[in-house]
Amino acid sequence: MSENLMENYRKAYDNRVGFGKSPALVLVDFAEAYYEPTDPLYAGVDDALASALRIREVARAKKIPIILTGVLLHPSGADGGRFFQKAKPLKAFTAGNPMGAFAKGLTPYPDEFVVMKQYPSAFFGTSLASLLTSLGVDNVILTGLTTSGCVRASCVDSMSHGFITTVVRDACGDRHPGPHEANLFDMNAKYADVVTEDEIVAHLQSL
């Protein structure tokens with residue numbers, strides 16, 4: 001195809017859903033492994049965490065539910081199934097490995113929820129959808145790591161579970177800008193509205 005990418009996509013995908021009335025903020029897998037230079041998962045995504053922490057403080061001030069997700073696997077990795085078999089760096093998330101801990105600055109508050117998972121999506125095999133429904137949430141705001149992996153998987157499942165889904169580009173990170181931008185583009189086209197930190201903060205403050 002010779003036509004411009006944006007022109008091509010606007011013919012089919014050029015819609016913005018907007019925000020819901022009752023949001024929840026989800027911070028996906030901000031784990032120490034992504035911040036430790038000696039770990040294979042190191043991604044240098046400090047800016048994404050800083051953005052997520054700023055959004056979190058606004059959400060806390062507005063008493064919006066906050067959910068932190070992490071990955072926790074049996075020492076054998078068997079409960080990670082084919083995911084563990086394919087993605088060898090997941091050994092960082094086996095029980096007892098300090099690389100699986102939340103990144104510095106992201107200690108959960110007592111009133112926040114923690115959902116541990118074994119697969120990419122924060123929804124697959126967890127109680128997250130039921131939790132959000134019980135809280136009356138209609139809008140899932142996603143931040144986290146990595147954009148092309150667990151954020152994207154969580155985005156697709158969030159939409160599939162019937163939640164208006166918002167992805168904050170500044171508060172998501174990946175190990176390379178190519179997959180990061182490509183997946184933000186695709187999520188925005190088909191599954192969610194991708195917004196900036198400033199946009200989501202302004203929205204939360206208006207509630």
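Scanning segment 1-31 for residues that are touching a residue at least 12 places away in the same chain (Cβ under 8 Å), of a type in the set (D, E, K, R) and open to solvent by 20 Å² or more (accessible area, probe 1.4 Å), which turns out nearest to residue 60 (Cα to Cα)?
Restricting to residues being touching a residue at least 12 places away in the same chain (Cβ under 8 Å), of a type in the set (D, E, K, R) and open to solvent by 20 Å² or more (accessible area, probe 1.4 Å), the top hit is 21.
Every residue in segment 181-202 that is under 13 Å from residue 142 (Cα atoms) and open to solvent by 30 Å² or more (accessible area, probe 1.4 Å), please.
188, 191, 196
Output yes when any residue across segment 156-168 is among the small types (Gly, Ala, Ser), open to solvent by less than 20 Å² (accessible area, probe 1.4 Å), out of contact with any strand residue (DSSP E or B) (no Cβ under 6 Å at 6 or more places or on another chain) and modelled with pLDDT of 95 or more, and no when none is.
So far as segment 156-168 goes, no, none of its residues is among the small types (Gly, Ala, Ser), open to solvent by less than 20 Å² (accessible area, probe 1.4 Å), out of contact with any strand residue (DSSP E or B) (no Cβ under 6 Å at 6 or more places or on another chain) and modelled with pLDDT of 95 or more.
Among the residues of segment 70-80, count how many are outside any loop (DSSP other than H, G, I, E, B), in contact with a Phe, Trp or Tyr (Cβ under 8 Å, 6 or more places away or on another chain) and open to solvent by 40 Å² or more (accessible area, probe 1.4 Å).
Qualifying residue count, segment 70-80: 1.
Has segment 113-123 got at least one residue that is open to solvent by 10 Å² or more (accessible area, probe 1.4 Å) and of a type in the set (D, E, K, R)?
Scanning segment 113-123, I find no residue that is open to solvent by 10 Å² or more (accessible area, probe 1.4 Å) and of a type in the set (D, E, K, R), so the answer is no.
Name every residue in segment 101-151 that is assigned to a loop (DSSP other than H, G, I, E, B), small (Gly, Ala, Ser) and without any contact (Cβ under 8 Å) to a residue 12 or more places away in the chain, in order of residue number.
Listed by number, the list holds a single entry, 125.
Specify which of the listed residues (144, 178, 173) is farther than 17 Å from residue 13 by Cβ and surrounded by fewer than 24 Cβ atoms within 10 Å (Cβ to Cβ).
Residue meeting the stated conditions: 178.
Being touching a Pro at 6+ places or on another chain (Cβ under 7 Å), over 19 Å from residue 52 (Cβ atoms) and not β-branched (Val, Ile, Thr) narrows it down to one of 189, 129, 95, so name that one.
When all the criteria are applied, what remains is 95.
Do we find that residue 198 is in a helix (DSSP H, G or I), out of contact with any His (no Cβ under 8 Å at 6 or more places or on another chain) and within 17 Å of residue 50 (Cα to Cα) in this structure?
When the stated conditions are applied, residue 198 passes them.
For segment 59-69, enumerate the residues that are surrounded by fewer than 18 Cβ atoms within 10 Å (Cβ to Cβ), touching a residue at least 12 places away in the same chain (Cβ under 8 Å) and assigned to a helix (DSSP H, G or I).
60
Taking the stated definitions as given, is residue 83 open to solvent by 40 Å² or more (accessible area, probe 1.4 Å) and touching a residue at least 12 places away in the same chain (Cβ under 8 Å)?
When the stated conditions are applied, residue 83 passes them.
Going through segment 32-55 one residue at a time, which ones are buried (at least 18 other Cβ atoms within 10 Å of the Cβ) and within 14 Å of residue 170 (Cα to Cα)?
Within segment 32-55, 45, 48, 49, 51, 52, 55 meet the criteria.
The values are calculated or read from the model by the stated rules, or taken from the named source; none is laboratory data. All values derive from a computational prediction rather than experimental measurement. All Cβ positions, even for glycine, are placed from backbone atoms using ideal geometry, and neighbour counts span all protein chains on display. Note: areas computed on protein heavy atoms with side chains; ligands, DNA, RNA excluded. Shrake-Rupley method; radii C 1.70, N 1.55, O 1.52, S 1.80 Å.
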